[in-house]
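Asker: Here it is: the structure, laid out below.
The values are calculated or read from the model by the stated rules, or taken from the named source; none is laboratory data. No experiment lies behind these values; they were computed from the predicted model shown. Don't worry about glycine lacking a Cβ; one is built from the backbone with ideal geometry, like all the others, and counts go over all protein chains shown. Areas reflect the complete protein model, heavy atoms only, side chains present, ligands, DNA and RNA absent. Shrake-Rupley method; radii C 1.70, N 1.55, O 1.52, S 1.80 Å.
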Amino acid sequence: MASQQVQPKLVIHGGAGSSLHSKGGIEAVRKSLYHVLEEVYPLLKDGASAVDAVVRGCRLLEDDPRFNAGTGSVVQSDGQIRMSASLMDGFVQRFSGAINVSRVQNPIELAKFLQTSDDRVLSDYGSAELLRELHLPIYDPMTDLRLHEWMEERKGNFSRAMATVVAEPASPPLSPLGKGGERGVGTIGVVALDAEGRLAAGTSTGGKGFERIGRVSDSAMPAGNYATGSAGVSCTGIGEHIMDECLAARIVIRVTDGFSLKAAFERSFAEADEHKRDFGAIGIDATGAIACGKTSDVLLGAFHNGMQMGDCLEMSKGTLIFIA
């Protein structure tokens with residue numbers, strides 16, 4: 001149990017992939033990420049819990065159409081948006097989440113409500129019922145950009161009955177911005193250490209885009225989002241790869257078992273590299289160490305270490321671990 005004041009720490013991500021072009025370029029992404037740090041870190045300094053900071057950070061990222069979560073989520077093969085999110089309170093080691101929910105602005109809010117529920121992970125139908133129960137307003141997260149992406153992808157393919165559409169390639173040819181789309185690897189995540197030494201992690205996604213209807217993301221699983229009293233980790237990238245490695249839980253358990261955060265990231269990403277995985281992760285441990293790791297070319301990660309903000313947007317290509 002946390003017993004003394006510590007320096008709060010915060011790390012966030014807006015996805016992983018092979019390029020920053022479809023996000024508007026490095027400075028645009030940096031501005032978006034730093035805006036979240038500037039809003040959320042003062043809350044931690046003022047005594048907000050790690051859980052509340054994570055939820056606030058996830059809400060801000062979900063509301064930014066630059067990222068594939070909440071507003072701006074990608075479209076599934078049937079033209080619908082279905083989002084997933086999870087929250088884990090490391091202090092009490094409690095996981096909650098919503099899977100394939102539609103018509104809500106902030107899926108992380110459902111995960112937060114479910115923290116105190118006897119039934120803590122709900123699928124699409126259950127999530128829809130919860131929305132009605134909470135009297136949350138109906139919200140359409142579709143943006144013009146995402147609608148145009150879907151229409152471009154479906155050109156020449158409307159002869160196929162939509163009821164029989166299955167998964168499309170994870171990386172469609174071109175986005176309306178003229179560069180390779182980053183669909184298939186988009187997620188947002190937040191990990192926080194509060195002044196009481198409590199850890200929490202949250203992850204939210206709009207999916208990988210053009211996937212088979214009913215596909216479940218790692219973002220609503222401990223594979224993609226996990227925390228204990230020792231560490232918290234949020235993942236992003238190809239969800240199936242994250243599931244195969246059970247990445248978030250693997251890193252956190254290694255720290256819980258005595259690895260340093262750096263060693264846990266290094267071992268886990270070395271194994272991932274051997275298996276040719278494509279993903280990234282962010283994390284914080286109970287000592288306040290911050291880590292970002294990737295096998296993808298780009299990880300849209302940024303952090304506040306209590307003294308300054310920084311990011312890993314310009315990390316070299318290839319498998320790398322960054323410790324702040």
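Asker: I need every pair where a residue in the stretch 250-271 that is more than 14 Å from Gly293 (Cα to Cα) has its Cβ under 8 Å from the Cβ of a residue that is part of a helix (DSSP H, G or I) and open to solvent by 70 Å² or more (accessible area, probe 1.4 Å), sequence separation at least 6 or different chains.
Answerer: From the stretch 250-271, the pairs are Arg254/Arg267; Phe259/Arg267.
Asker: Quickly run through the stretch 234-253 and pick out the residues that are of a type in the set (A, V, I, L, M) and surrounded by fewer than 24 Cβ atoms within 10 Å (Cβ to Cβ). It would help to see each step written out before you state the result.
Answerer: Of all residues in the stretch 234-253, those of a type in the set (A, V, I, L, M) come to 238, 242-243, 247-249, 251-253.
Listed by number, the residues that qualify are Ile238, Met243, Ala249, Ile253.
Asker: Mind listing whichever residues of the stretch 186-228 are in a loop (DSSP other than H, G, I, E, B), modelled with pLDDT of 95 or more, buried (at least 24 other Cβ atoms within 10 Å of the Cβ) and of a type in the set (Gly, Ala, Ser)?
Answerer: The one that is in a loop (DSSP other than H, G, I, E, B), modelled with pLDDT of 95 or more, buried (at least 24 other Cβ atoms within 10 Å of the Cβ) and of a type in the set (Gly, Ala, Ser): Gly224.
Asker: Give all pairs with beta carbons closer than 7 Å in which a residue from the stretch 190-219 that is free of Cβ contacts under 8 Å to residues at least 40 places away in the same chain meets a residue that is open to solvent by 20 Å² or more (accessible area, probe 1.4 Å) and not in a loop (DSSP other than H, G, I, E, B); count only pairs at least 6 apart in sequence or on separate chains.
Answerer: Asp218/Met243
Asker: Another question, if that's okay. Regarding the stretch 30-43, can at least one residue be identified that is open to solvent by 10 Å² or more (accessible area, probe 1.4 Å), assigned to a strand (DSSP E or B) and at pLDDT 95 or above?
Answerer: No - not one qualifying residue is present in the stretch 30-43.
Here is a yes/no grid of residues against (1) surrounded by fewer than 18 Cβ atoms within 10 Å (Cβ to Cβ); (2) closer than 21 Å to Ser32 by Cα; (3) of a type in the set (Lys, Arg):
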site: Phe259; (1), (2), (3): no, no, no
site: Ala264; (1), (2), (3): no, no, no
site: Ala270; (1), (2), (3): yes, no, no
site: Ile282; (1), (2), (3): no, yes, no
site: Ile290; (1), (2), (3): no, yes, no
site: Gly293; (1), (2), (3): no, yes, no
site: Ala302; (1), (2), (3): no, yes, no
site: Gly306; (1), (2), (3): yes, yes, no
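Asker: Looking at the structure I just gave you, is Ala263 of a type in the set (Gly, Ala, Ser), at pLDDT 95 or above and touching a Pro at 6+ places or on another chain (Cβ under 6 Å)?
Answerer: So Ala263 fails the test.
Asker: Can you tell me how many residues in the stretch 269-288 are within 19 Å of Phe303 (Cβ to Cβ) and in a helix (DSSP H, G or I)?
Answerer: Count: 1.
Asker: Does Ala231 meet the test of being within 16 Å of the chain's Cα centre (by Cα), surrounded by 22 or more Cβ atoms within 10 Å (Cβ to Cβ), more than 16 Å from Ala98 (Cα to Cα) and modelled with pLDDT of 95 or more?
Answerer: Judged against the criteria, Ala231 is not a match.
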